[in-house]
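**Q** Take a look at this one; I'll ask things after.
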Amino acid sequence: MRLTRTCRPGRRPASSRGFSLLEMLVAISILALALGALYQAASGATRNVRTDEKYAYGVELARSLLAANARVPADGISARGETAGGFSWRVDTRPLNFERTALASASLQAIEVVVSWLDGGKRREVVLNSVVEGVVQGPARGRGR
């Protein structure tokens, strides 16, 4: 004859019991912490993409302004402006002095292009410096008929 364990009425055997309330609270707390960390990582990645996008636009705007001013008047230029996207820009040139060099006859200008914008609460900017040709403005010539 074989003996088997029997349960009292209304009680389950120890092997078929589920999780206790405390174990469920701990599991839910761990899950909440993990989801919070994932949410922060995702929002940080989104913020970084937005910052990088604005930085890339600022660099391209500065490069465009530098290319547009590859030749400037011999007396230089100073210009400022703002784009619809909240980017402000400035272009300044100054003549370079080559009196005692082999480049004495050259008319070159140092150019500085600054593009700045607000990113969140921080002011960011891109500065490009280069040398461009200064062009002596001659008398206006009319087209022949």
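**Q** Among the residues of the stretch 85-93, are any of a type in the set (D, E) and open to solvent by less than 60 Å² (accessible area, probe 1.4 Å)? Walk me through it before giving the result.
**A** First, pick out the residues of the stretch 85-93 that are of a type in the set (D, E): 92.
Next cut, open to solvent by less than 60 Å² (accessible area, probe 1.4 Å) only: 92.
Within the stretch 85-93, one or more residues are of a type in the set (D, E) and open to solvent by less than 60 Å² (accessible area, probe 1.4 Å).
**Q** Could I ask something else about it? Being at pLDDT below 90 and not in a helix (DSSP H, G or I) is the requirement here; does R5 meet it? So that I can check it myself, show each step before the final result.
**A** Values: at pLDDT below 90: yes; not in a helix (DSSP H, G or I): yes.
Against the criterion (at pLDDT below 90 and not in a helix (DSSP H, G or I)), R5 qualifies.
**Q** While we're on this one: Going by the conditions given, is R47 surrounded by 10 or more Cβ atoms within 10 Å (Cβ to Cβ) and closer than 27 Å to G121 by Cβ? Don't jump to the end; show me each part of the working.
**A** Values: surrounded by 10 or more Cβ atoms within 10 Å (Cβ to Cβ): yes; closer than 27 Å to G121 by Cβ: yes.
So R47 passes the test.
**Q** Looking at the stretch 48-93 only, could you name the residues that are within 23 Å of the chain's Cα centre (by Cα), of a type in the set (A, V, I, L, M) and assigned to a strand (DSSP E or B)?
**A** Within the stretch 48-93, V91 is the sole residue that qualifies.
**Q** Loosely packed, with under 13 Cβ neighbours inside 10 Å and among the aromatic types (F, W, Y): which single residue out of Y55, Y39 fits that description? Step through it out loud before you land on a result.
**A** Details: Y55 fails: loosely packed, with under 13 Cβ neighbours inside 10 Å.
From the options Y55, Y39, the qualifying one is Y39.
**Q** A further question follows. Is it the case, given these coordinates, that E112 is closer than 16 Å to N129 by Cβ and either part of a strand (DSSP E or B) or modelled with pLDDT under 95 (or both)? Break it down stepwise before answering.
**A** Working: closer than 16 Å to N129 by Cβ: yes; either part of a strand (DSSP E or B) or modelled with pLDDT under 95 (or both): yes.
Taking the combined requirement at face value, the residue satisfies it.
The values are calculated or read from the model by the stated rules, or taken from the named source; none is laboratory data. Source: prediction; values computed, not measured. No Cβ is skipped: glycine too gets one built from the backbone with ideal geometry, and neighbour counts run over all protein chains shown. Ligands, DNA and RNA are excluded from the accessible area calculation, which covers all protein heavy atoms including side chains. Shrake-Rupley method; radii C 1.70, N 1.55, O 1.52, S 1.80 Å.
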